[in-house]
Amino acid sequence: MHLMDLKKGDKAMIVNIDTKNQALKKRLYSFGVMPGEELSIKRCSLGRRTMEIKIDTTLIALRAEEASIIQVKPII
Amino acid sequence: MEKIVIALAGQPNVGKSSLINAISDAKLKVGNFSGVTVDKTEIAFIMRDDVSGKAYEVHIIDLPGAYSLTDYTMEEKVTKRFLQSDEYDIIVNVVDSTNLKRNLIFTTQLIETGKKVVIALNMSDEAKKEGIYIDEAQLSSILGVPCVKTSALNKKGLNTLKEAIIQTYEKKQTSSKVVYSDPIEEEIENIINFLNERHYKSTLSYRHLAVKLLQEDEETYKKMHDEPIWIELLPVIREGLQHIYLHTETKDIHEIFSDEHFAFAKGATMEVMTQQNTVIKNPTQKIDTVLLNRFLGIPIFLFFMWGLFQLTFKLGSIPMDYIDVIFRWFSAQAILILGDGELGSLVADGIIPGVGAVVMFLPNIVILFFGIALLETTGYMSRVAFLLDGFFHKFGLHGKSFIPLVTGFGCSVPAYMAARTLRSVKDRLITLFIIGFMSCGARLPIYVLFTGAFFSQAKAGNILFLIYIVGAFLGLIMAKILKTFVFKGEDEPFVMEMPKYRMPSWKLIWHTVYGQAKSYLNKAGTFILAASIFIWFASNYPKVEIPSTFNANQSKTYKLEQSYLGQIGHASEPFFAPLGMDWRMAVALEAGLAAKEVVISTLGVLYSLGEEVDENSKGLISKIKANIPFASAVSFIVFVMIYLPCLAASMVFAQEAGGWKYLVYLFIMTTASAWILSFLAYRITLLI
């Protein structure tokens with residue numbers, strides 16, 4: 001399951017960041033988007049092209065392409 | 001006096017610029033406009049140690065905001081390069097206290113450089129409000145570097161920070177350290193022991209050196225590669241890495257260290273930070289429910305843009321009129337003083353209007369950048385990208401491309417400058433290349449003239465609207481083409497922080513606007529001026545004998561026809577013939593390269609009217625109707641829609657794109673597409 005499968009308000013734990021793009025991975029890491037971290041979905045833009053997530057106190061905007069590489073496990 | 005060089009580093013939106021402002025008490029040269037000034041700025045001032053009374057000459061290098069030491073963005077590249085290879089004494093790391101964990105990841109990387117580090121826990125007041133308490137003494141002992149709570153806003157902790165800087169400067173070596181997991185610590189220990197045994201001479205501490213070796217830091221490897229110790233050191237490192245790999249899933253040492261940084265930052269945060277479980281009233285989230293609303297978000301933004309657009313071009317037109325009047329007066333005075341000869345003409349028709357053309361755009365630029373700075377510093381700009389990226393990304397553009405593109409409908413000059421808000425070079429270049437497709441205000445009179453001449457009053461408005469829409473649509477298609485064939489390759493990932501909403505700092509906005517205006521005058525201004533003089537020359541030389549039988553109008557036409565510009569027009573007739581245009585239309589278009597306003601006055605001269613023509617003048621409308629076939633007129637309009645923007649805009653384009661070669665590309669692209677589409681329009685209209 002990845003981030004795009006979640007809905008607004010859902011909470012999840014990051015399991016893996018599935019990309020070969022090291023620069024992107026580092027970028028996500030520097031925002032605190034790392035396996036083991038918890039996040040929540042704040043909102044999606046029209047057509048779900050972009051998504052806003054919250055990790056700790058940081059709000060991060062992602063494109064659908066980037067959101068789909070973040071594999072998560074939902075927290076109920 | 002001793003000199004302390006400080007590298008000021010921190011993540012974006014941590015209040016770095018405000019802190020530097022507060023600490024130096026001095027005028028900030030130019031504030032960092034995120035995404036714009038990827039240059040570092042330097043501030044120098046004198047600092048006195050209150051205890052010893054010793055004075056220091058302090059140089060602060062304000063580095064662009066970076067999330068980590070990588071090459072991901074331009075800002076990060078500049079910061080990384082400076083920190084790794086420039087000369088400086090201390091890194092002052094500005095940290096956002098309300099976002100400690102994420103900030104500390106960057107801090108660990110800074111500490112690993114082996115330089116002396118001082119940490120400013122900025123925004124401590126805000127943290128207090130949010131119920132966050134940080135034990136800075138504890139953090140100091142964990143990191144081995146002084147940590148000082150500061151608040152740039154309320155000027156708190158600034159003296160303590162100054163003292164910490166001086167004390168750290170006076171120390172021989174840094175005791176900073178990042179603690180890693182046991183397997184890595186073991187290998188660090190091994191390498192340190194090895195270096196100890198060999199009494200290896202190093203400016204860096206052995207610990208920092210060992211970490212760099214394990215991280216496979218390229219610079220360090222290059223340097224040590226030529227030293228005799230290398231042969232023996234290499235097996236130690238190799239064995240160390242093998243050991244580390246036993247404990248991890250991946251064999252990517254960078255990833256391993258990223259994990260380490262994060263674990264360390266997380267651990268340190270847990271140890272030093274306590275947060276009261278009060279429900280924080282976060283205005284940001286509340287504002288976002290409105291501004292980022294799925295349905296209201298875009299209309300609200302469009303309203304803001306409409307307001308900014310109105311301000312820029314309506315309010316801006318007032319000083320522009322005055323500027324115009326003043327420069328006309330200057331020209332008239334110049335003629336009076338210098339006479340009607342060569343020199344008088346050069347000054348009155350070349351130089352003064354040239355300077356005027358430069359100054360003319362200043363009101364637009366100042367107002368527009370005031371608005372953009374406001375959007376940036378309040379944190380709204382990131383939201384704009386979030387809202388619009390879905391649509392623009394389809395065309396290979398970025399959500400933020402919207403602002404320069406819309407500005408392009410007013411004037412291309414500020415629009416090109418507004419593209420600076422785009423961080424990725426690719427996104428910026430594509431946006432720059434298509435701004436010209438958004439028909440600027442100066443092209444409007446040409447459209448009005450032609451639609452007025454060939455369409456009924458009732459239809460003209462719709463046609464005008466159609467021209468604008470088709471132009472914008474062509475631009476988006478062109479963006480897609482550029483993205484597919486020219487700027488191909490992987491999309492730049494879109495991962496962006498949505499900063500908290502903040503009240504704008506007027507001081508910072510002022511510095512941004514001032515900086516933009518200055519850079520426009522300095523860089524683009526010079527070229528606009530030079531090119532204006534060139535155009536003046538081309539339309540006035542060579543001097544010809546005007547037959548005495550000609551009246552004023554005829555002689556004007558004759559002069560223009562014989563000038564270099566006219567000669568070019570005649571020479572380029574074969575180029576324009578397939579588009580159904582004669583040499584007069586060719587000259588008008590070529591004169592339009594200087595400024596689109598000139599197109600109409602040139603047509604006026606060439607079709608033998610007085611000089612004072614505008615788009616409403618009845619005489620010109622009927623002349624055009626009589627002399628230009630309908631199909632040629634359509635072709636002309638299409639050409640005007642697409643071809644190269646005016647001289648001033650072209651100069652600014654070259655500046656913003658980063659080279660003259662881009663202007664050549666733009667010229668080829670616009671001319672080719674203008675020609676092809678005009679040709680099609682002409683042929684199709686002929687068939688109908």
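Here, each number is a calculation from the coordinates, and none is a lab measurement. All of these numbers come straight from a predicted model, not from anything done at the bench. Using ideal geometry, Cβ is built from the backbone for each residue, glycine included, and neighbour counts are taken over all protein chains shown.
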Please find the FRET efficiency linking B:TYR468 to B:VAL51, where r is the Cβ-Cβ separation and R0 is fixed at 51 Å, and quote it to the nearest 0.05. 0.15
Please state the relative contact order of segment B:182-275 as a whole percent: Cα pairs under 8 Å, 6+ residues apart? 32
Specify whether the C-alpha gyration tensor of segment B:557-688 places it in the rounded, prolate or oblate class, a ≥ b ≥ c being the square roots of the eigenvalues: rounded for a/c under 1.5, otherwise prolate if a/b is larger than b/c and oblate if not. oblate
C-alpha center-to-center spacing [segment B:394-421, segment B:297-329] in angstrom: 16
When DSSP assigns beta bridges and you keep just the ones with both residues in the protein assembly as shown, what percent turn out antiparallel, to the nearest 5? 60
Explain nothing, just the number: dipole magnitude of the protein assembly as shown about its Cα centre with +1 on each Lys and Arg Cβ and -1 on each Asp and Glu Cβ, in debye rounded to the nearest 20. 2040
With a Förster radius of 56 Å, plug the Cβ-Cβ distance of B:GLN167 and B:ILE533 into 1/(1 + (r/R0)^6) and report the FRET value to the nearest 0.05. 0.45
Sparsely packed trypsin sites (Lys or Arg not before Pro) within segment B:390-431, loop by DSSP, other Cβ within 10 Å at most 16: B:LYS394
Going by C-beta contacts inside 10 Å, put B:ILE166, B:ILE528, B:ILE621 in order with the fewest on the left. B:ILE621, B:ILE166, B:ILE528
Cα pair distances of segment B:182-275 binned at 5 Å [whole percent]: 2, 12, 22, 24, 16, 12, 7, 3, 2, 1, 0
Orientation-averaged projected area, Cα convex hull of segment B:52-103 (nm²): 5.2
How large is log10 I(q)/I(0) at q = 0.16, 0.26 Å⁻¹ when the Debye formula is applied to the Cα atoms of chain A, each weighted equally and without solvent? -0.48, -1.38
Could you grab the relative contact order for chain B? Cα pairs under 8 Å, six or more apart, rounded to a whole percent. 10
Inter-chain shielding metric for B:88-101, i.e. average beta-carbon neighbours from other chains within 10 angstrom, reads 1
222 nm [θ] for chain A, helices only, -39500 (n - 2.57) per DSSP H run of 4+, per residue, to 500? -4000 deg cm²/dmol
Note: chain B at 37 °C, 0.692 mPa s; Kirkwood Rh on alpha carbon pairs; Stokes-Einstein D in µm²/s works out to 113
For chain B, with only Lys/Arg (+1) and Asp/Glu (-1) charged at the beta-carbon, what is the dipole magnitude about the Cα centre, in debye rounded to 20? 1960
Fewest first, what order do A:CYS44, B:CYS147 take by the number of other Cβ atoms within 10 Å? A:CYS44, B:CYS147
With bins of 10 Å, the percent of all Cα-Cα pairs of segment B:359-454 per bin from 0 is 16, 43, 28, 11, 2
Cα convex hull volume per residue for segment B:502-570 (Å³): 145
Can you sort B:LEU368, B:LEU209, B:LEU204 from fewest to most other Cβ atoms within 10 Å of each residue's own Cβ? B:LEU204, B:LEU209, B:LEU368
What number, in nm² with one decimal, is the all-direction average of the projected area of the convex hull of the alpha-carbon atoms of segment B:469-516? 6.6
Phi angles of segment B:102-109, converted by Karplus (6.51 cos²θ - 1.76 cosθ + 1.60, θ = phi - 60°) into ³J(HN,Hα) in whole Hz with x for Gly and Pro, give 5, 5, 5, 4, 5, 4, 4, 5
Per residue Cα convex hull volume in Å³ - calculated over segment B:445-497: 125
Those GluC sites (Glu not before Pro) from segment B:536-593 that are DSSP loop and have at most 14 other Cβ neighbours within 10 Å turn out to be B:GLU545
In whole percent, the Cα-Cα distances of segment B:179-222 spread across 5 Å bins from 0 upward as 5, 24, 32, 25, 12, 2
Mind jotting down a quarter of the surface of the convex hull over the alpha carbons of segment B:98-148, in square nanometres, one decimal? 3.3
What lysines does B:LYS394 reach when the alpha-carbon gap must be under 20 Å and sequence neighbours fewer than 8 apart in one chain are set aside? B:LYS426, B:LYS480, B:LYS483, B:LYS488
Over segment B:442-577 - Rg/Rh using Cα atoms and the Kirkwood inverse-distance radius: 1.13
Cα-based Rg and Dmax for the protein assembly as shown, in Å, come out at 30.9, 102
Long-range amide H partners of B:ILE91, meaning residues 5 or more apart or on another chain whose placed amide H is closer than 5 Å, are B:ALA7, B:LYS116, B:VAL117, B:VAL118
The FRET efficiency for B:THR484 and B:VAL290, from their Cβ-Cβ distance with R0 = 51 Å and rounded to 0.05, is 0.85
Cross-link partners of B:LYS559 among aspartates and glutamates (Cα-Cα below 19 Å; sequence separation of 8 or more within a chain): B:ASP340, B:GLU342, B:ASP349, B:GLU545, B:GLU573, B:ASP582, B:GLU590, B:GLU611, B:GLU612
Semi-axes, largest first, in whole Å: what does sqrt of 5 times each Cα gyration tensor eigenvalue give for segment B:2-170? 21, 20, 16
